[in-house]
């Protein structure tokens, strides 16, 4: 079965999008990317160091990889917009992971500023993939203004806590059946990724869960399999939950 | 003259354009972008964009991130 999904007309076979941060080496990052089967990776925009030459980090990304620059570290719409414009100029890409943070401790998104920035960036022709709280109404607003996909969090960035509000993701899936929903942030282990996919996410974006594993490449393989398993389970349709038992073997005809 | 580059005060030659400034700073010219006083300067305009005293310049590249 060929099970692909599209964002802004581009087809992806892998439903796992991964980050490029926190790896112990670029070689380890590259091995993890290969093992994950990912076709899209996120990168961060940062000031060039003026006091030393830096290695060209982008050289360690496979040339066919879709690069998704982010606006990490931005705390208001204005900074996120400036960062997106710089990323577009440097990489000649309209793709942007919009991230406007509201608080340094939790790194939870500022949904109001995110919406404001998304509106302007969409108008400027960006393909805006916004990170936001797992809220249906916010998802609707982001889709209405022209975001081709929405990226609700599962848990705070880098927390590894897994899906904290499965009902929110389930409601979002049921109420927005046509939307592309990418669960971004909070996955810790493959079962978390599988749960998000079972709930109907179209894809998962993760970084720390792979980068901070003792064996990043092996964890990347595990995540790939979990995403595939969760996707297949979602398409298969789960059994209903029951409060009481339902025997699998016939109750009639048992010897007395 | 003094300008602000990536938050640092720098003393740079007078009458310099953006492309010469990048060379002066020994920076690569690929996969970077430049903002002058909070507006992106398109790559094609680098050689005609003059830097003035007290300009605020941001030069970015890419690093690992999620």
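Worth pointing out:
- Share, in percent, of DSSP beta bridges within the protein assembly as shown that are antiparallel, nearest 5: 50 percent
- Highest-fluctuation residue, A:235, A:225, A:98 considered, GNM on chain A with Cα pairs under 10 Å: A:235
- Average Cα contact separation per residue, chain A, under 8 Å, 6 or more apart, as relative contact order %: 18 percent
- The helix-only estimate of mean residue ellipticity at 222 nm for chain A, built from DSSP H runs of length n ≥ 4 each weighted as -39500 (n - 2.57), is -11000 deg cm²/dmol after division by the residue total.
- Residue list for the stretch A:9-28, given a label point 7 angstrom along the Cα-to-Cβ vector of residue A:59 and an amide N cut-off under 16 Å: A:26-28
- Alpha carbon centroid spacing (whole Å) that separates the stretch A:19-49 from the stretch A:194-227: 14 Å
- Taken along the Cα-to-beta-carbon direction at a fixed 7 Å, the label points for residue A:112 and residue B:20 span 4.7 nm.
- Computed FRET value (nearest 0.05) for residue A:232 with residue A:11, which takes r as the C-beta separation and R₀ as 25 Å: 0.85
- Note on A:200-209: average number of Cβ atoms from other chains within 10 Å of each residue's Cβ is 1.
- FRET E, pair residue A:215, residue A:105, Förster distance 45 Å, beta-carbon r, rounded to 0.05: 0.90
- Gyration tensor verdict on the protein assembly as shown (Cα atoms; rounded if a/c is under 1.5, prolate if a/b is larger than b/c, oblate otherwise): prolate
- Gyration tensor verdict on the stretch B:2-60 (Cα atoms; rounded if a/c is under 1.5, prolate if a/b is larger than b/c, oblate otherwise): rounded
- If you plug the beta carbon distance of residue A:22 and residue B:10 into 1/(1 + (r/R0)^6) with R0 = 35 Å, you get a FRET efficiency near 0.70.
- Pairs of Cα atoms nearer than 8 Å and 6+ residues apart set the relative contact order; for the stretch A:175-225 it is 36 percent.
- By definition, a body whose alpha carbon gyration tensor gives a ≥ b ≥ c is oblate when a/c is 1.5 or more and a/b is not larger than b/c, and the stretch A:1-98 fits this oblate description.
- Spin-label model distance (nm) - residue A:66 vs residue A:191, 7 Å beyond Cα toward Cβ: 3.1 nm
- Note: relative contact order over the stretch B:2-60, using C-alpha pairs below 8 Å and six or more positions apart, is 49 percent.
- When chain A is treated as a Gaussian network with alpha carbon springs shorter than 10 Å, the biggest mean-square fluctuation among A:134, A:144, A:59 belongs to A:59.
- Dividing the helix sum by the residues of chain B, where each DSSP H run of 4 or more adds -39500 (n - 2.57), gives a mean residue ellipticity at 222 nm of -2500 deg cm²/dmol.
- Residues of the stretch A:179-198 with amide N under 19 Å of a point placed 7 Å along Cα→Cβ from residue A:161: A:183-197
- Backbone N atoms of the stretch A:114-142 closer than 19 Å to the 7 Å Cα→Cβ label point of residue B:39 belong to residues A:121, A:124-125.
- Computed extension length for residue A:245-residue A:51: 63.1 nm, one decimal, from 0.36 nm per residue of separation with the Cα-Cα distance subtracted.
Computed from the coordinates by the stated procedures, all read-outs in this text should not be read as laboratory data. Owing to the predicted nature of the structure, the values given are computational and were not obtained by experimental measurement. Here the Cβ is made from the backbone with ideal geometry for all residues, glycine too, and neighbour counts use every protein chain on show.
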